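**Student:** I am attaching a structure below and will ask some questions about it afterwards.
Just so you know, all these numbers are worked out from the coordinates, no wet-lab data involved. Note that the structure is predicted; figures quoted are calculated from it, not measured. Don't worry about glycine lacking a Cβ; one is built from the backbone with ideal geometry, like all the others, and counts go over all protein chains shown.
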Amino acid sequence: MHREDGPESGTGAGTGGELFTNARIFQGNRGFREGSLLVKGGRIAKVILREPGGKGAMDKAAADKAAESGLSGKDAGIRTTDLHGAYVIPGLVDIHTHGNSGCDFSDADPEGLPVMGRYLASHGITSFAPTSMTLPYGQLEEAFAAAAEYAGSRPEDCARLAGIHMEGPYLSPKKKGAQNEDYLRLPDAEGFFRLQEAAKGLIRIVDIAPELEGAASFIREVSGSCRVSAAHTDASYEEAAAAFDAGASHLTHLFNAMPPIRHREPGVIGAASERQNVTAELICDGFHIHPAIVRMAFKLFPGRLCLISDSMRCCGMPEGEYELGGQQVFVKDRQARLRDGTLAGATLNLYDDMVNAIRFGIPAEDAVLAATLLPAREVLIDKETGSLEEGKLADFLVCDGEWKLKRVYLGGRLLNC
């Protein structure tokens, strides 16, 4: 990709900014409202919503409001872009992605993260939490240090680093999934804090199986530093409840690598669903979760569900053989599996998953929230992004009525996707 208009401090429309008119602007639980969006200095300067029943690009009240604020688009330096009724949504936030484009975060390759970040941005994911696999501490330290370097000097046209998701090594061998059992270990707060230091405080989510010895004390000690998530677990309802009582508040890839709900054994899913402070992740690639269960999940966790990709290095790549956490993975028909047939990570990106959720019958407003503001809150970046509000970063997407991605703006700049 190539930028034609200099550093990120401007919008490409001179110093005045850019006014996007005739848009259907996402307003969270209120759905989509017709109106205009003003971008200045890489941030959203004004959101001008049309009053119900208004006609034309803006109704008179909204136009007067814009003129009074000097945002009519006629001021010197302000460029006007007519979006012709397209949908405008915040840039997506993926809090669980291992890799794409042949690269994996756990490779600890500083040159790989920009490749990943550029792919993500070009597909509408403007913020991401690179996710590690179960590996030795030394390799994790290298990966986390590479993430800290990326966060400090993000290359242009790349998604913003929203923190690190540490998936393992504190997981159950009974539900290891595609995690490498050779590197699993019991919860270790001292080791975690060493990794957090290497990450310069960027670990936002750490996964743990609640039934492991020492899990409750680990959660109490660590939950002040980052969010603790129940994951790759065979925990009973009681064990999971104790973890949530200790301070865990997240559930990694709901339904995957955990016991199912049984009427006498509700398990970790039952314990999580009844706690309003627990948010769950959901892979919506059409393979990990049946569409009917996707619809069920949105009812079990209303307003508390984050869509994730769980994508791996084969995302954006052709079918073939790949590597994940030191194990061979085979990709065919958009599915990634270990040699024994175990479903591994995913091959789709988060934008594809969001569109799938809508296709499976989830209301568009709920699907967009689950891919933007809700995950942004989980990794503590919701003050800067995740919704289209004045003062926030101008990271937003333009989509047509069929949810085809038409344009990506990062810091108010149009990416050449």
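**Student:** What percent do you get for the relative contact order of segment 194-257 when only Cα pairs under 8 Å and 6+ apart count?
**Tutor:** Averaging sequence separation for qualifying contacts and normalising by length gives 35 percent for segment 194-257.
**Student:** Next question, about the same structure. What is the spin-label model distance, in nm, from residue 27 to residue 274 if the labels are put 7 Å beyond Cα along the C-beta direction?
**Tutor:** Rounded to a tenth, the inter-label distance reads 3.8 nm.
**Student:** Which FRET efficiency value, to the nearest 0.05, is calculated for residue 332 and residue 149 with the Förster distance at 30 angstrom and r the Cβ-Cβ distance?
**Tutor:** 0.25
**Student:** Along the three principal axes, how long is the chain when you take its alpha carbons, biggest first, rounded to the nearest angstrom?
**Tutor:** In descending order, the Cα extents are 65, 45, 42 Å.
**Student:** Based on the mean of other beta carbon atoms within 10 Å per residue, what is the order of 329-339, 84-94, most packed first?
**Tutor:** Averaged packing, sorted descending, gives the order 84-94, 329-339.
**Student:** Pairs of Cα atoms under 8 Å, at least six residues apart: use those to get the relative contact order of the chain, whole percent.
**Tutor:** Contact order relative to length: 20 percent.
**Student:** Which one, 263, 290, 250, has the greatest fluctuation when you compute a Gaussian network model over the chain with C-alpha springs under 10 angstrom?
**Tutor:** Of 263, 290, 250, the Gaussian network model singles out 263 as fluctuating most.
**Student:** Taking neighbour counts of Cβ atoms within 10 Å as a proxy for exposure, in what order, fewest first, do 404, 40 appear?
**Tutor:** By the 10 Å Cβ count, ascending, the order reads 404, 40.
**Student:** Using the Kirkwood formula over every pair of different C-alpha atoms, what hydrodynamic radius in Å results for segment 134-215?
**Tutor:** Value: 13.5 Å, from the Cα pair sum.
**Student:** Given 10 Å bins starting at zero, what is the percent of C-alpha pairs of segment 180-233 in each, up to the one with the largest pair distance?
**Tutor:** Going from the shortest bin to the longest, the percentages are 24, 59, 18.
**Student:** Tell me, what ³J(HN,Hα) does each residue in segment 169-175 have, in order and in whole Hz, if you take phi through Karplus 6.51 cos²θ - 1.76 cosθ + 1.60 with θ = phi - 60° and put x for Gly and Pro?
**Tutor:** x, 8, 10, 7, x, 5, 10
**Student:** Once Lys and Arg get +1 and Asp and Glu get -1 on their Cβ, which of 236, 316, 293 lies farthest toward the positive end of the dipole of segment 92-378?
**Tutor:** Comparing the listed Cα positions along the dipole, 293 ranks first.
**Student:** With label points built 7 Å along Cα→Cβ from the Cα atoms of residue 402 and residue 111, find their separation and express it in nm.
**Tutor:** Each label point lies 7 Å from its Cα, and together they span 3.9 nm.
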